[in-house]
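Step one of this worksheet: look at the structure below.
Any read-out appearing in this document is the output of simple, stated calculations on the displayed coordinates, not a laboratory observation. Just so it is clear, the structure is predicted and the values come from calculations on it, not from any experiment. Glycine also receives a Cβ, built like all others from the backbone with ideal geometry; neighbour counts cover every protein chain displayed.
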Amino acid sequence: LGLIVQRELERRAHKPEPYWEVLARFQQAAMERSLTSMVNLYAEDAIHEFPFTRPGVPSRLQGREQIRTFMQANWETNPLRYQAYRNVVIHETADPEVIVVEQDVTGTAATTGRDFTLPKHRRAASP
């Protein structure tokens with residue numbers, strides 16, 4: 001019986017965390033700008049893709065160290081301070097370890113004190 005219990009404890013210890021819990025930890029780390037918490041969410045060989053970027057921003061980061069370097073540089077220079085995530089839509093994929101997330105983030109620009117929402121959806125003007 002002791003061996004069975006030990007094996008069950010080992011199995012539970014290696015069971016992946018549900019993706020919604022990982023996403024919540026990701027969002028919290030981003031709001032707190034906690035580099036350690038953020039980077040610890042990524043596997044050593046993780047890939048982080050940004051489907052829409054501005055010039056000079058990579059659309060793909062590969063590996064935990066590249067992600068760390070990008071996050072650190074971004075947080076040191078970016079004046080946007082995230083405060084909340086809204087309109088979160090999670091798309092599951094055929095790979096149970098991969099999800100696609102659509103979300104808006106709200107916050108304040110430290111340089112101006114103005115509130116923002118990303119992405120900023122614009123309504124088309126009526127003809």
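A crude spin-label estimate for the pair PHE116 and ASP95, with each label 7 Å from Cα along the Cβ direction, gives 3.0 nm. If you average 1/r over every pair of different alpha-carbon atoms in the stretch 16-110 and take one over that average, what Kirkwood value in Å do you get? Final number for the Kirkwood radius of the stretch 16-110 is 14.3 Å.
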